[in-house]
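The structure under discussion appears below in the form of C-alpha cells.
The values are calculated or read from the model by the stated rules, or taken from the named source; none is laboratory data. Here the structure is a predicted model, which is why all the values come from computation and not from measurement. Cβ: placed from backbone, ideal geometry, glycine included. Neighbour counts: every protein chain shown. Quick note on the areas: whole protein, heavy atoms, side chains included, nothing else; ligands and nucleic acids left out. Shrake-Rupley method; radii C 1.70, N 1.55, O 1.52, S 1.80 Å.
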Amino acid sequence: SRAIKTNQDLLPETPWTHIFYNDFWGTLLTHSGSHKSYRPLCTLSFRINHAVGGMDPWGYHLVNVLLHAAVTGLFTNFSRILFGDGYWTLIAGLLFASHPIHTEAVAGIVGRADIGACLFFLLSLMCYVKHCSTRGSSPSTWGWILGAGLCAGCSMLWKEQGVTVLAISAVYDIFVFHRLKMGQIIPALYKRKNLTLFFSIGLLTSWGTALLGVRLYWMGNKPPSFSNSDNPAADSDSFLTRTLTFFYLPTKNLWLLLCPDTLSFDWSMDAVPLLKAVSDWRNLHTVAFYAGLLLLAYFSLKGSSNERECNGKTVMNGKQNANGHSCHSEMEYKTLEVKSSFASKEENGIKKHEVQKLQLPSTENIVILSLSLLIVPFVPATNLFFYVGFVIAERVLYVPSMGFCLLVTVGVRALYVKAQKRFLKNLVFCSTAALIVFYGLKTVVRNGDWQNEEMLYRSGIKVNPAKAWGNLGNVLKSQSKISEAESAYRNALYYRSNMADMLYNLGLLLQENSRFSEALHYYKLAIGSRPTLASAYLNTGIILMNQGKTEEARRTFLKCSEIPDENLKDPHAHKSSVTSCLYNLGKLFHEQGHYEDALMVYKEAIQKMPRQFAPQSLYNMMGEAYMRMSRLPEAEHWYVESLRSKSDHIPAHLTYGKLLALT
C-alpha cells in the first residue's frame, strides 16, 4: 500500500524529481521517521507503470516477470564464462529460474527492487568481465570498466545491496581471471605486469567508496530506526542474545536456500525465536554452518590440488586422462603457454575449440567466486554494520541465490567427475534434474499462495501467527465477514497482546458495529502500547463527542494535535490523523458556538494538512464558521475552495446555495 497505492510520488501531479529526495515509501529521506530505503529507479518504474496502466496490477506483475526472465538469461550467460557451453551452464540457469525463494521478489510487486538491482548487478559484472578480457589489448577496455561502474551505481539505486557488485568484480579479477591464491596476492604487488590489475581494483574501491559516501550523505548521515517487533534481536538488552541470534540468522537463510519448504511473507516478531543461551540446540546449526563455510573457503584458497576438472573431465597432475585431454592448472590463463600447447594438442587430433575449454576456471576458482556471490551481497542484511528492519526477508536472498546456484552446480559437477561408474554419473545427473523439478513444483505451489491476500496470509500463520492473523483480519473485514475478522484480530492478540495496530483495528471494527464501550477499551490499550498512534486518539475523541462527553473529547483532540511526527514510520498517515483531529475539534467548538476558536483550529489544520488529505469538508466548515459570523465574502471563498477540491461534495453545494440565496 505505502509503496504504490498511497505513494504520492507515483502521481502525475507530483514532480518526478521528488523521487530522488524521498525514500521507497514516499517519505522525505532526511525525515527522522524515514525507512532510509533509497530506491529511486524502482519507484520510477512504478511511476511508469502507474502512468501506463493506473492501479491495474496486471502490468506491474508483467514487468516483474519480464525482469526475472532477463535476470535469468544474464545469469545463465555469466555461468557460461565459468562452466562453458553444455549441461552445467544449463543446470545453473534452471536452478536460478525455478528456485522457490524468488517467489516473493517476483510475485510481490515491491520485490521489483531486488530484481532490478540484480539485473544491473549482472550487467555491471559482465562489463567488468569484458574489461578483464580486453585489458592491455584494446582501448575499449576503459569503456567497459566505465560501464561496470555506471551499472553498479544503477544497481544501488534499485536497492542498496547492488553496490556489492564492485567487491564481486574484484574477486573475479583476482581469483578467477588471474587465478591468484591467497599467498600469491602480496608477491603479485611487486610484479610490474600486475599493475593494470591493481589499478582496476583501485578504481573499483574508489568508486565503491564514493557511492557509499554519497548514499550516506543523501540520507542525512543517520541510520534508520525500527520498532522492536521488526527486529527483536536488535532491541534485546542482552549482548549474548544479540550475538547468538545474529550469528544464527545466516544459517537459517542458507537453510531456506537449500530446502525452501517453509516460506512466509513475513519473518518479523517471533517468527524466529531469540537464542538466549549457549545451551540452545540451534547453536549447533550455527557452528556447523560456519565450520563448513570456513573449510570450503580454506581449501579453495589454499592452492592447487592434485586432481582437477577440465569442464567435467578428470585430470591428474597435468597428465592426459583417458580421453587424451590435459589441463595445466597454472597455465590456463597465460596466453603464451596456452598458445605453445596448441601445436602439440593439434598433433593429437584435438581441435582449437576443444582447447579453448581448457581455459575455463578450475573448481576452486568457481567455489571462491560462488561463496563471494553468496556472502557479500547478503552482508548488508546481517546487522553487522547497522540494524535492519527485518529478521529474515526472502526477497533479500534474490541476489545471493546466484552464488548458491553456482555452488550447487560446481558441487554436482565435482561429484559427476569423481564418479567412476556410469550408473553413479547417471544417478548424480538424475538427482540434479529431480532437484530442479522439485524446486519448480514448489515455486508453482508458492505462487498459488500469492494469488490473493487471504491465501497469502493464511499460508503465513504457521511461521508468524501474530502478523498473519492480524493481516487476515483486515482482509476478512474488507469482505464484510465481521465475526471472522473479529476472531482473526483476537487470535493475533493472543500471540502478541501489545500490537498497537491490531488493538486499533479491533477497536475500529467494534466502533463500526456500534459496540462503542468495547471500542474505547481497545483504543485506550492501543494508545497505551503506542502513545503516538494519532488515529486511536481521533476515533476515541469521535466516540466521546457522540456520547456527549465534550470536555473529554476536547482534551483527546488537543492531545492528538500536539503529537509530533518525529521517528514515525508513516508520517503522512500521522499528519492526516492529526488534521482530522483538528477538524473534529473545530466542529466541536462550532457546535458550542465558539466560532472564533473553531476558525483558529481550522487554520491550524490547514497548515498541518498533508498533500494527500481530502480537504473539502474542512474548507466547507471554514465557510460555515465565516457564515455564522456574517463574514460572507470569506465564507464564499471557502465554499468555492471546497467545490474546487471536490466538485461533487454535496454539503458544500447546499451551504453555498444558502449563501447565494441570502445574497
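Brief remarks follow.
- Some residue of segment 72-91 being within 16 Å of the chain's Cα centre (by Cα) and crowded, with 20+ Cβ neighbours inside 10 Å: no
- With respect to the conditions (1) closer than 18 Å to LYS587 by Cβ; (2) within 52 Å of the chain's Cα centre (by Cα); (3) open to solvent by less than 80 Å² (accessible area, probe 1.4 Å), ILE650 lacks only one, and its number is (3).
- Against the list (1) assigned to a loop (DSSP other than H, G, I, E, B); (2) open to solvent by 20 Å² or more (accessible area, probe 1.4 Å); (3) not aliphatic (A, V, I, L, M), the condition SER264 fails is (2).
- The residue pairs whose first member lies in segment 567-582 and is charged (D, E, K, R), whose second member is part of a helix (DSSP H, G or I), and whose beta carbons are closer than 7 Å, counting only pairs six or more residues apart or on different chains, are LYS575/LYS608.
- Candidate set from segment 168-209 (those that are in contact (Cβ under 8 Å) with a residue 24 or more places away in the chain and over 19 Å from ASN365 (Cα atoms)); member that is surrounded by the fewest Cβ atoms within 10 Å (Cβ to Cβ): THR205
- Residues that are in contact with a Gly (Cβ under 9 Å, 6 or more places away or on another chain) and either farther than 30 Å from TRP158 by Cα or outside the structural domain of ALA170 (by the TED database) (or both), drawn from segment 194-211: THR196
- The residues on offer are LEU249, LEU254, LEU212, and the sole one that is within 21 Å of SER37 (Cβ to Cβ), within 19 Å of the chain's Cα centre (by Cα) and open to solvent by 30 Å² or more (accessible area, probe 1.4 Å) is LEU212.
- Yes/no for LEU274 being more than 18 Å from the chain's Cα centre (by Cα) and open to solvent by 60 Å² or more (accessible area, probe 1.4 Å): no
- Test: residue in segment 101-113 that is open to solvent by 20 Å² or more (accessible area, probe 1.4 Å), touching a residue at least 60 places away in the same chain (Cβ under 8 Å), touching a Pro at 6+ places or on another chain (Cβ under 8 Å) and not basic (Lys, Arg): yes
- Whichever residue in segment 583-614 is surrounded by fewer than 22 Cβ atoms within 10 Å (Cβ to Cβ) and of a type in the set (Gly, Ala, Ser) and, among such residues, is modelled with the highest pLDDT: GLY593
- Scanning segment 522-560 for residues that are closer than 21 Å to LYS587 by Cα, among the hydroxyl-bearing types (Ser, Thr, Tyr) and crowded, with 19+ Cβ neighbours inside 10 Å returns SER535, TYR537, THR540, THR556.
- ARG458 vs. criteria closer than 14 Å to LEU263 by Cβ, open to solvent by 50 Å² or more (accessible area, probe 1.4 Å) and in contact with a Leu (Cβ under 8 Å, 6 or more places away or on another chain): yes
- The listed residue being out of contact with any strand residue (DSSP E or B) (no Cβ under 8 Å at 6 or more places or on another chain) and free of Cβ contacts under 8 Å to residues at least 24 places away in the same chain, out of THR76, THR72: THR76
- Hey, LYS442 basic (Lys, Arg), open to solvent by 60 Å² or more (accessible area, probe 1.4 Å) and either outside any helix (DSSP H, G or I) or at pLDDT 95 or above (or both) or not: no
- Out of LEU123, LEU95, sole residue that is out of contact with any Phe, Trp or Tyr (no Cβ under 8 Å at 6 or more places or on another chain) and in the same structural domain as TYR398 (by the TED database): LEU123
- Scanning segment 480-525 for residues that are within 25 Å of LEU568 (Cβ to Cβ), of a type in the set (Ser, Thr, Tyr) and not in a helix (DSSP H, G or I) returns a single hit, SER497.
- Residue within segment 394-416 that is out of contact with any helix residue (DSSP H, G or I) (no Cβ under 7 Å at 6 or more places or on another chain) and surrounded by 19 or more Cβ atoms within 10 Å (Cβ to Cβ) present: no
- Qualifying residues in segment 278-298 (those that are closer than 25 Å to ARG496 by Cβ and touching a residue at least 12 places away in the same chain (Cβ under 8 Å)) - the one surrounded by the most Cβ atoms within 10 Å (Cβ to Cβ): ASP280
- Per the listing SER645, SER580, SER576, the residue uniquely out of contact with any helix residue (DSSP H, G or I) (no Cβ under 7 Å at 6 or more places or on another chain) and among the hydroxyl-bearing types (Ser, Thr, Tyr) is SER576.
- Residues of segment 124-154 satisfying the condition of being closer than 21 Å to HIS178 by Cα and open to solvent by 50 Å² or more (accessible area, probe 1.4 Å): LYS130, SER133, GLY136, SER137, PRO139, SER140, TRP142, TRP144, LEU146
- When the residues of segment 615-635 are filtered to those that are open to solvent by 60 Å² or more (accessible area, probe 1.4 Å) and on the phi < 0 side of the Ramachandran plot, the one that is nearest to the chain's Cα centre (by Cα) is GLU634.
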